[in-house]
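Novice: Dropping the structure in here first, questions after.
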Amino acid sequence: MPQLHLPTFPNGVTHITSELAFEKRDGRVTYFNGHMAVFTHDENDIASFRMITSQFCANGYARQSDISRAFGVTSISMKRWVKLYRGQGAKGFYAPRVTRGAAVLTESVVMQIEGLLAEGASNSEVSKKLELKLDTLQKAIRAGRVRLPAKKKKLAKRF
């Protein structure tokens, strides 16, 4: 007859489920399954925390509600992390965030704008010619993404 395996946890641990627990000591968080440590990360390493807790949920070791209750995270956050883990795996938590690039003012458009402004065209003429919103052009000029040509000094007329 097989012997029943009861989980044993070292003193000072917090239970997530009946078999899964964690302990925070000296700035490190260690997760235990029974008496065996399964993962360790720094207390401030949020990406590793999100990865391991979503892995526990995706693999069926814990429910999302168990993790939410044990760590005080929202259920929607857990849903997002589990979705990310299932879609991209562990690497999804460590990849740099994807951001949008310049949608309208690409390098070639900025070069065209600067060329037209250097020829003496006004902001409104440039925006009409390149089919841009005037506000977009003005905002880019204020932010320094589009450089205005240097103003020429007027010479005083002598009589």
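The values are calculated or read from the model by the stated rules, or taken from the named source; none is laboratory data. Because the structure is a prediction, the values reported are computed rather than measured. Here the Cβ positions follow ideal geometry from the backbone for every residue, glycine too, while neighbour counts run over all protein chains shown. Just the protein is used for accessible areas: all its heavy atoms, side chains included, with ligands, DNA and RNA removed. Shrake-Rupley method; radii C 1.70, N 1.55, O 1.52, S 1.80 Å.
Novice: Could you tell me whether Val109 is at pLDDT below 85 and either in a helix (DSSP H, G or I) or out of contact with any His (no Cβ under 9 Å at 6 or more places or on another chain) (or both)? Don't jump to the end; show me each part of the working.
Specialist: Numbers: at pLDDT below 85: no; either in a helix (DSSP H, G or I) or out of contact with any His (no Cβ under 9 Å at 6 or more places or on another chain) (or both): yes.
Against the criterion (at pLDDT below 85 and either in a helix (DSSP H, G or I) or out of contact with any His (no Cβ under 9 Å at 6 or more places or on another chain) (or both)), Val109 does not qualify.
Novice: Is it the case that some residue within region 107-116 is open to solvent by 60 Å² or more (accessible area, probe 1.4 Å) and touching a helix residue (DSSP H, G or I) at 6+ places or on another chain (Cβ under 7 Å)?
Specialist: Our first condition is that a residue be open to solvent by 60 Å² or more (accessible area, probe 1.4 Å); within region 107-116, this holds for 107-108, 111-112.
Narrowing the set further to residues that are touching a helix residue (DSSP H, G or I) at 6+ places or on another chain (Cβ under 7 Å) leaves none.
No - not one qualifying residue is present in region 107-116.
Novice: Could you figure out which of (1) of a type in the set (Lys, Arg); (2) assigned to a helix (DSSP H, G or I); (3) under 26 Å from the mean Cα position of the chain (by Cα); (4) exposed (fewer than 13 other Cβ atoms within 10 Å of the Cβ) isn't true of Lys128?
Specialist: (3)
Novice: Hey, among Leu137, Leu84, Leu116, which residue is modelled with pLDDT of 90 or more, of a type in the set (A, V, I, L, M, F, W, C) and under 30 Å from Ser54 (Cβ atoms)? Please lay out each step first, then the result.
Specialist: Values: Leu137 fails: under 30 Å from Ser54 (Cβ atoms); Leu116 fails: under 30 Å from Ser54 (Cβ atoms).
Unique residue meeting the criteria: Leu84.
Novice: Same structure, new question: Checking Asn123 against (1) of a type outside the set (Val, Ile, Thr); (2) more than 30 Å from Tyr85 (Cβ to Cβ); (3) free of Cβ contacts under 8 Å to residues at least 12 places away in the same chain: exactly one of these is not met. Which one?
Specialist: Asn123 satisfies every listed condition except (3).
Novice: Among the residues of region 94-133, count how many are of a type in the set (Asp, Glu) and closer than 19 Å to Gly144 by Cβ. I'd like the intermediate steps shown before the answer.
Specialist: Narrowing region 94-133 to residues of a type in the set (Asp, Glu): 107, 114, 119, 125, 131.
Among the residues that remain, those that are also closer than 19 Å to Gly144 by Cβ are: 107, 114.
Count: 2.
Novice: Which of the residues belonging to region 23-42 are open to solvent by 30 Å² or more (accessible area, probe 1.4 Å) and either in contact with a strand residue (DSSP E or B) (Cβ under 6 Å, 6 or more places away or on another chain) or assigned to a strand (DSSP E or B) (or both)?
Specialist: Listed by number, the residues that qualify are Lys24, Arg25, Arg28, Asn33, Met36, Ala37, Val38, Phe39, Thr40, Asp42.
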